[in-house]
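Q: Before we start, here is the structure in question, set down as structure tokens.
The values are calculated or read from the model by the stated rules, or taken from the named source; none is laboratory data. Bear in mind that the values here come from a model prediction, so they are computed numbers and not experimental data. Note: ideal-geometry Cβ built from the backbone for every residue, glycine included; neighbour counts use all protein chains shown.
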Amino acid sequence: MWRARSAAKQVWPRLAAVLALVAVWQLVYQTGFFDHVVLPSPLQVWGSLRANVADGSIPRAAEASLIRLLIGFAVSVAAGTLAGLAMVASQFIERSFGSLIIGLQSLPSIAWLPLAILWFGLNETAVLFVVVIGSFPSVTLATVNSLRQVPPLLERAGRTLGAKGWRLYRTVIFPAAVPGYVGGLQQGWAFAWRSLMAGELIASGALGLGQLMNASRENLDTPEVLAVMVVIVAIGMIVDLAVFGAFDRRIRTRRGLAVAG
Amino acid sequence: MRPAVTGPDLRLEPSPQAGTAPAKVSLRNVARTYRSARGGKVSACTDVTFDVAPGEFVCLLGPSGCGKSTLLNIIAGLDRPDRGEVLIDGRPVSGPGPDRAVLFQEPALFPWMSVAANVDFALGLAGVPKTERRDRRMFWLGKVHLSRFADAQPHELSGGMRQRAALARALACEPDVLLADEPFAALDAQTREILQRELQRVWVETGKTFVFVTHNVREAAFLADRVLLMSAPPGTLVEEQRITAPRPREFDDPLLAKVVSDVHRHLIKEVEKVVAREIGG
């Protein structure tokens, strides 16, 4: 009962914002201030979305994009975690590469694309490269910060109970770092998703949502462009809330930490 | 008639007990200096020498900053002395070990484990086989009245219950020595009193060697066989008082009231030195 009410409380404001946006959009459309080719009505976009889902073009493109994203994200989680552990293990690595990685994070990942195209061509690999380089710095920094923020008291308690070396890390320090690390993965995921869309739009040699959107633009099919954008937002939000959000809430509830939102 | 409390004993030689039985814990001229934030050197404690007999309950008492927590960390093996040495059963301490359990000011339970899992974790590190852990865990949780809360997560317990769980975790490994760093300081007065009583009972039942750091004179007088008073920083021992009142003790015991006022007078002198230095400095 309480759960259902609280879920309604969560959903209602979000739904209201979306409805308000659609209403304003419809009003602007009806004034006729913009050409209807440039700004289609919400209903037209809805129709295009349904048609594209029905004929399988959006599902196929979304599947291709998601597979690419999973591969790229998996690589950046592996690389980022290893780099983060290396930085925690060695002060020299942290001093030398740490600032480099912060610098890397301030460079928009799409700025790597021209170089990636020169190296790999207008293909899958170039896009994957951009996804990895866009998301692995935040995974690295999250690994480092989450380990740094482990309360010294827990480490001391573990040591006095007799845990040391690898065992201390495996049983005390890593588990204590999990909430911060998951937050970092969430951020890395968001970066990966954005980098993927940017990469697919430009280096669209392969099937994907970005490529589909590009094709729609070439056909001057504005409703389809907007329909794909809606899908991109929806996928991003579902993964963020349903996967990472749910995992984060579970950890925080179990440990009695504040649950956000 | 109960044996009277001995008067202040200003001789800082090893205690008489240490002469008859080999000491469980020995500190020899221990000194520790820290680098302050401004780059200067701060001496936490200097030239501290004392023995703790097996099964003895010793309270280290002193004004804040006198290095009593530092000494405890050195005995625990979490910190190293700059000079001097710490011996357990005559062997120098080289690091933390399951022979010395520590109770911190905060319970330091692992938040991702249930109360039972916290105790089991310690038992596992102590090498207790899996088949025996359940019984050992339930026995010690029972001792601190937490049997019903074995499956709770630490954050679901009150502050006092958490500190009890930490005590059960420390005792379950059956360490030779228990080290406590103001474990009840963060609790409210009533809970503190209940836990002090429980600790007294558990100590009487188990006979563990105890080194207990506190700045609470009443707590020290209630719990200790011997109170070691430390000076204003850099801390060193300035007074030793043996408390022979029989156990179980009560907080309103008139013998303890006398000890409390004696020790308090000495402690205040040291605290005043600290305050004078702060105001003057």
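Q: Name the pairs: first residue in region A:8-21 and exposed (fewer than 10 other Cβ atoms within 10 Å of the Cβ), second residue of a type in the set (A, V, I, L, M, F, W, C), Cβ to Cβ under 9 Å, at least 6 apart or on different chains?
A: Once the first residue is exposed (fewer than 10 other Cβ atoms within 10 Å of the Cβ) and sits in region A:8-21, no partner that is of a type in the set (A, V, I, L, M, F, W, C) comes close enough.
Q: Within region B:57-66, is even one residue at pLDDT 90 or above and surrounded by fewer than 22 Cβ atoms within 10 Å (Cβ to Cβ)?
A: no
Q: Sticking with this structure for a sec: Here is a check on your reading of the model: is A:G121 closer than 30 Å to A:G208 by Cα and surrounded by 14 or more Cβ atoms within 10 Å (Cβ to Cβ)?
A: no
Q: Moving on. What number of residues within region A:98-118 are surrounded by 15 or more Cβ atoms within 10 Å (Cβ to Cβ) and modelled with pLDDT of 85 or more?
A: Of the residues in region A:98-118, 7 are surrounded by 15 or more Cβ atoms within 10 Å (Cβ to Cβ) and modelled with pLDDT of 85 or more.
Q: Taking into account only those residues within region B:69-82 that are touching an Asp or Glu at 6+ places or on another chain (Cβ under 8 Å) and under 14 Å from B:G235 (Cα atoms), which is surrounded by the fewest Cβ atoms within 10 Å (Cβ to Cβ)?
A: The qualifying residue surrounded by the fewest Cβ atoms within 10 Å (Cβ to Cβ) is B:S69.
Q: How many residues does region B:110-145 contain that are within 19 Å of A:R255 (Cβ to Cβ), within 22 Å of the chain's Cα centre (by Cα) and not in a helix (DSSP H, G or I)?
A: Number satisfying all stated conditions: 1.
Q: Go through region A:123-146 and give me each residue that's in contact with a Ser or Thr (Cβ under 9 Å, 6 or more places away or on another chain) and of a type in the set (V, I, T).
A: Listed by number, the residues that qualify are A:V127, A:V130, A:V131, A:V132, A:I133, A:V139, A:T140, A:T143.
Q: Please indicate, with yes or no, whether at least one residue in region B:119-142 is surrounded by fewer than 19 Cβ atoms within 10 Å (Cβ to Cβ), out of contact with any helix residue (DSSP H, G or I) (no Cβ under 9 Å at 6 or more places or on another chain) and either closer than 20 Å to B:V177 by Cα or within 14 Å of chain A (Cβ to nearest Cβ) (or both).
A: Yes; the residues of region B:119-142 include at least one that is surrounded by fewer than 19 Cβ atoms within 10 Å (Cβ to Cβ), out of contact with any helix residue (DSSP H, G or I) (no Cβ under 9 Å at 6 or more places or on another chain) and either closer than 20 Å to B:V177 by Cα or within 14 Å of chain A (Cβ to nearest Cβ) (or both).
Q: Grab the helices (runs of 4 or more DSSP H) fully contained in region A:146-234, keeping just those with 2 or more residues being touching a residue at least 40 places away in the same chain (Cβ under 8 Å).
A: A:174-202, A:209-218
Q: While we're here: Any idea how many residues of region B:50-109 are away from every other protein chain (no Cβ under 14 Å), in contact with a Cys (Cβ under 8 Å, 6 or more places away or on another chain) and not in a helix (DSSP H, G or I)?
A: 2
Q: Additional query: Go through region A:102-145 and give me each residue that's under 19 Å from the mean Cα position of the chain (by Cα) and either among the small types (G, A, S) or at positive phi (or both).
A: A:S106, A:S109, A:A111, A:A126, A:G134, A:S135, A:S138, A:A142
Q: How many of the residues making up region B:146-193 are polar (S, T, N, Q), more than 23 Å from A:I251 (Cβ to Cβ) and buried (at least 17 other Cβ atoms within 10 Å of the Cβ)?
A: Number satisfying all stated conditions: 2.
Quick grid of which residues meet (1) over 30 Å from A:Q44 (Cβ atoms); (2) out of contact with any Gly (no Cβ under 6 Å at 6 or more places or on another chain); (3) surrounded by fewer than 19 Cβ atoms within 10 Å (Cβ to Cβ):
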| site | (1), (2), (3) |
| --- | --- |
| A:L168 | yes, no, yes |
| A:F191 | yes, no, no |
| A:L196 | no, yes, no |
| A:M213 | no, yes, no |
| A:A258 | yes, yes, yes |
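Q: Further, regarding this structure: Within region A:129-185, how many residues are within 14 Å of another protein chain (Cβ to nearest Cβ), touching an Asp or Glu at 6+ places or on another chain (Cβ under 8 Å) and farther than 24 Å from A:A242 by Cα?
A: 4
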